[in-house]
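The values are calculated or read from the model by the stated rules, or taken from the named source; none is laboratory data. What you see is a predicted model; the values in this text were computed from it and never measured. For neighbour counting, all protein chains shown are included, and Cβ atoms are generated from backbone atoms with ideal geometry for every residue, glycine included.
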Amino acid sequence: MSMPSGVGIIDTMIGFPASDFAQYDFIRAQLKDKSTDFDFPVEYMFKQVPKELYGRHEDPIGLTLKEMDKYGIETGLIGAGGDISAKALKQHPDRFVGQGSVDPNKGMDGIRDMVRQYEEFGVVSFGAFNAGYNPQVGINDAKMYPIYAKCVELDVPIFSCVGVPGPRFPMWPQHVELIDQVMYDFPELVFVTRHGCEPWQDLAVKLMLKWPNLYYSTSAFAPKHYPAEIVNYANTRGADKIIYAGYFPMGLSLERIMTDMPGVGFRDEVWPKFLRDNARKVLKLDR
């Protein structure tokens, strides 16, 4: 049950240190309490946010690659927006793959933007943050359906934040049970949850048993806090359904993640699937 070395880890949520924290302004715009004063809007949840990496003059791509090399991460899934990510995808196609963004409030302009990102950056997935849209949009809202249909058409998965959101705004758009209707209506859609599904992780497991194309990624959790239900599911019937995702440099350092990781009680046969194989399959990195 020990974590193997030399797997060639795929991190399905990684990024680059920015010059400041302006990337979170879209979250702060919706908040109504003092958490608007935080550099990182969910800072109250994380004890060791690597804020020292922000605002440094060092090359952000080089810094992330250095951290990846140090901890055996072969490939990182990065957001495709912005000049730094575009440069990383162009200069290091062997190390980074892109994830596009979606906005259900933009209607058909948003769908056309999905196609643009797919054609321009070769994105291998899209990411959604339903509680973070302004106005908020539920996972199973009609506004999301053209997005899901386009993901199916492009043959790429969608990664969606599910469960109580960290920022202090309403949680209703991300209730786990909302996934059920989506999977019923889009059986071809590959749907990967992000950010824990808490406090409904038991229901998430039940839905993964039910729906073949539903997966869970471990983003935004230090490994010591992976839900016991998820670890148990991976060790029993769900070895092919649980995918590693970090949270560097947003809320966790890779040092924190990988220092904790050996303590996760995965069975020997689960580790390579969790760290690499499941992501390769879902992102279709072998095609």
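Which of the residues spanning the range 214-263 are buried (at least 21 other Cβ atoms within 10 Å of the Cβ) and more than 19 Å from the chain's Cα centre (by Cα)? If the condition is that a residue be buried (at least 21 other Cβ atoms within 10 Å of the Cβ) and more than 19 Å from the chain's Cα centre (by Cα), then 233 is the only one that fits. Taking the criterion of being buried (at least 16 other Cβ atoms within 10 Å of the Cβ), at pLDDT 90 or above and not in a helix (DSSP H, G or I), would at least one residue in the range 22-30 satisfy it? Within the range 22-30, one or more residues are buried (at least 16 other Cβ atoms within 10 Å of the Cβ), at pLDDT 90 or above and not in a helix (DSSP H, G or I). Tallying residues that are in contact with a helix residue (DSSP H, G or I) (Cβ under 8 Å, 6 or more places away or on another chain), crowded, with 16+ Cβ neighbours inside 10 Å and farther than 20 Å from residue 120 by Cα within the range 51-63 yields 2. Under the condition of being more than 18 Å from residue 255 (Cα to Cα) and in contact with an Asp or Glu (Cβ under 8 Å, 6 or more places away or on another chain), the residues counted in the range 36-56 number 1.
Checked against the criterion of being outside any helix (DSSP H, G or I), over 22 Å from residue 118 (Cβ atoms) and of a type in the set (Phe, Trp, Tyr), the candidates 184, 216, 233 yield just one match: 216.
Taking only the range 258-287 into account, find how many residues are part of a helix (DSSP H, G or I) and out of contact with any strand residue (DSSP E or B) (no Cβ under 7 Å at 6 or more places or on another chain). Break it down stepwise before answering.
Initially, the range 258-287 is screened for residues part of a helix (DSSP H, G or I), giving 258-263, 271-283.
Keeping just the survivors that are out of contact with any strand residue (DSSP E or B) (no Cβ under 7 Å at 6 or more places or on another chain) gives 258-263, 271-273, 277, 281.
Count: 11.
Just one of the listed residues (14, 10, 73) is in contact with a helix residue (DSSP H, G or I) (Cβ under 6 Å, 6 or more places away or on another chain) and within 15 Å of residue 254 (Cβ to Cβ), namely 10. As for the range 137-144, it holds at least one residue that is touching a residue at least 40 places away in the same chain (Cβ under 8 Å) and within 19 Å of residue 202 (Cβ to Cβ). The residue pairs whose first member lies in the range 164-188 and is farther than 24 Å from residue 212 by Cα, whose second member is among the small types (Gly, Ala, Ser) and in a helix (DSSP H, G or I), and whose beta carbons are closer than 6 Å, counting only pairs six or more residues apart or on different chains, are 165/131; 168/35.
This table checks each residue for (1) free of Cβ contacts under 8 Å to residues at least 60 places away in the same chain; (2) surrounded by 13 or more Cβ atoms within 10 Å (Cβ to Cβ); (3) aliphatic (A, V, I, L, M).
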{"residue": "75", "(1), (2), (3)": "no, yes, no"}
{"residue": "81", "(1), (2), (3)": "yes, yes, no"}
{"residue": "91", "(1), (2), (3)": "yes, no, no"}
{"residue": "96", "(1), (2), (3)": "yes, yes, no"}
{"residue": "107", "(1), (2), (3)": "yes, no, no"}
{"residue": "110", "(1), (2), (3)": "yes, yes, no"}
{"residue": "115", "(1), (2), (3)": "yes, yes, yes"}
{"residue": "123", "(1), (2), (3)": "yes, yes, yes"}
{"residue": "126", "(1), (2), (3)": "yes, yes, no"}
